[in-house]
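Shown next, in structure tokens, is the structure this report addresses.
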Amino acid sequence: PAPKKNTKKKDRTHESITELMELKNIEHGVIERTKNEYLMVLSTDFVNFHLLQPGERTAILEGYQQLFNVINFPVQLVTQAVRQDFRKERFRFEENLKKCNEHAAQYNRDVLDYIESKTQGDFRITLRIFYIVKYIYEPSKLAKLTKDQREKTIRENVMLRAEMVRRALRRAKIEADYMNSIEAAEVIKRSLNRDRMILHPMEDVAEKEK
């Protein structure tokens, strides 16, 4: 008898997202896209500049000045509203509470429990700033390398750039964290809509409809 045809429908949703983002591979926090482009994403907390002391403001400004003087490669800044995650702050407070007496520590833990329940139950949001670090390699310069050597060189270059940005931000008293593969891809996906709105404003659509 003739073999049965595979009637299972192709997952067009996953394919369309991959095509939309021009993804080729995601591994160890490094996103590989078409046209030899590689990305890493750093995440930082939003800093309310106007509430800082003058000395802290100066440190941030000098840190950013150094950042933009040092980098000679493309870095995209993206601001997004995300759900507030209290776990990082809770861990920091818990470390400090180890130095307190038990009664004071227990009182503060009760306060932390209340704050955590409010952030989870009320679905509070906060601003996060993401730094998308890009590296585009030239095939002609890596033509003599083997596939493994080429991949290692590319990975080291994009990681080196991301580390330069992270260290410059630390000088500005801003802690930046490397995002894992899935989180980084989510940031890239969200930033695509923003880029498209800038490249294709509504005024252009209105003109074409006339």
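I need the peptides 159-169, 51-61, 137-147 ranked by packing, meaning the mean over residues of other C-beta atoms within 10 angstrom, with the highest value on top.
Packing order, densest peptide first, comes out as 159-169, 51-61, 137-147.
Give me a comma-separated list of calculated 3J(HN,Hα) values for the range 27-37, in order, Karplus coefficients 6.51, -1.76, 1.60 applied at θ = phi - 60°, integers in Hz, x for any Gly or Pro.
7, 6, x, 9, 9, 9, 10, 5, 6, 6, 9
Among the listed pairs Lys35/Lys173; Lys99/Lys173; Lys35/Lys147; Lys98/Lys173; Lys141/Lys189; Lys24/Lys173, which are separated by more than 28 Å between their Cα atoms?
Lys35/Lys173; Lys141/Lys189; Lys24/Lys173
Return the whole-Å distance between the Cα centroid of the range 90-105 and the Cα centroid of the range 35-74.
31
Taking θ as phi - 60°, what are the ³J(HN,Hα) couplings along the range 165-175 by the Karplus curve (6.51, -1.76, 1.60), each to the nearest whole Hz, with x for Gly and Pro?
Running phi through 6.51 cos²θ - 1.76 cosθ + 1.60 with θ = phi - 60° gives 5, 4, 5, 5, 5, 4, 5, 8, 6, 10, 8 Hz.
Quick one: Karplus J couplings for the range 96-109, per residue in order, coefficients 6.51, -1.76, 1.60, θ = phi - 60°, nearest Hz, x for Gly and Pro?
5, 5, 5, 8, 8, 6, 5, 5, 5, 5, 5, 4, 5, 5
Each value in this text was obtained by applying a stated rule to the coordinates, not by laboratory testing. Keep in mind that this is a model prediction, so the values were computed, not measured. With ideal geometry, Cβ positions are generated from the backbone for all residues, glycine too; neighbour counts draw on all protein chains shown.
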